[in-house]
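Structure first, commentary second.
The values are calculated or read from the model by the stated rules, or taken from the named source; none is laboratory data. Keep in mind that this is a model prediction, so the values were computed, not measured. When we count neighbours, we look across all protein chains shown, and the Cβ atoms used for this are built from the backbone with ideal geometry, even at glycine. Calculation scope for accessible area: heavy atoms of the full protein, side chains included, ligands and nucleic acids excluded. Shrake-Rupley method; radii C 1.70, N 1.55, O 1.52, S 1.80 Å.
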Amino acid sequence: MSSEFDVSEFRHVVSHFATGVVVVCGNEEGELVGFAAQSFVSLSLEPPLILFCPQKTSTSWPRIRSLGKFCINVLAEDQGDVSDAFAMIGEVADIAWHRNPTSGTPALEGVIATIDCSLNAEHDAGDHTIVVADVQGLRVDRPELGPLLFFQGAYGHFAPAS
C-alpha cells in the first residue's frame, strides 16, 4: 500500500458491504438522546454481548455513556426517516418512544426489535470508539418486516426469509 492512503477510495470500497441500521438511545431524565449507527454486531452469545461504534464527534454518546444503560433499536425497512433524524450531530430527534418496562431505556415506535444494554467497555479506534455492551433484555416487535439496510450511500431493504 502506498504512503498516500486514498480515503475516498476506502469509503467507496467499503460502501459495497450492506449494513443494517440501528439507533442507540438513552433516557436522560425523560429526554430522548440517541444516534444512528451502521456499525453494530452481535459480539458474543455467552455472555451475551453486542458491539457498536459511535463517532468521536458524537455529542449524544457521551450523554448516553454517563447513563450506563441504553437501548439498541433495530430499524425497519420503512424507517429511513428515523435514521435520518438521528444522523444529525448535535440535534435531538422528535420521534415517538416509550420506556422499556424493565430498564426504562427508550424503545422507538415502529422498530423491528429492541436490545436493552448496559455499558461493559470502550476501546479507542481511530475516529470512532468501539463500545462493548452487556445484553440485559430483548424484544422483537415487527418480525414481518425486513430491516433498513445501508448500501452504497443509500437505504434499501430485502424481504425476510419465509
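Candidates Glu46, Glu31: the one that is over 12 Å from the mean Cα position of the chain (by Cα) and modelled with pLDDT of 95 or more is Glu46.
The number of residues in segment 64-90 being part of a strand (DSSP E or B) and either hydroxyl-bearing (Ser, Thr, Tyr) or touching a Phe, Trp or Tyr at 6+ places or on another chain (Cβ under 8 Å) (or both) comes to 1. Annotation: Val74 fulfils all but one of (1) under 15 Å from Asp141 (Cβ atoms); (2) out of contact with any strand residue (DSSP E or B) (no Cβ under 8 Å at 6 or more places or on another chain); the unmet one is (2). Scanning segment 21-63 for residues that are out of contact with any strand residue (DSSP E or B) (no Cβ under 7 Å at 6 or more places or on another chain), open to solvent by 40 Å² or more (accessible area, probe 1.4 Å) and either closer than 13 Å to Ile115 by Cβ or part of a strand (DSSP E or B) (or both) gives Glu28, Glu31.
Of the strands (runs of 3 or more DSSP E) contained entirely in segment 91-152, those carrying at least 2 residues that are open to solvent by 20 Å² or more (accessible area, probe 1.4 Å) and either modelled with pLDDT of 95 or more or not hydroxyl-bearing (Ser, Thr, Tyr) (or both) fall at 97-99, 113-125, 128-140, 149-151. Of the residues in segment 4-20, not one is farther than 22 Å from Phe150 by Cα, out of contact with any strand residue (DSSP E or B) (no Cβ under 9 Å at 6 or more places or on another chain), surrounded by fewer than 16 Cβ atoms within 10 Å (Cβ to Cβ) and aliphatic (A, V, I, L, M).
Residue count for segment 112-133, restricted to those that are within 15 Å of the chain's Cα centre (by Cα) and touching a residue at least 60 places away in the same chain (Cβ under 8 Å): 8.
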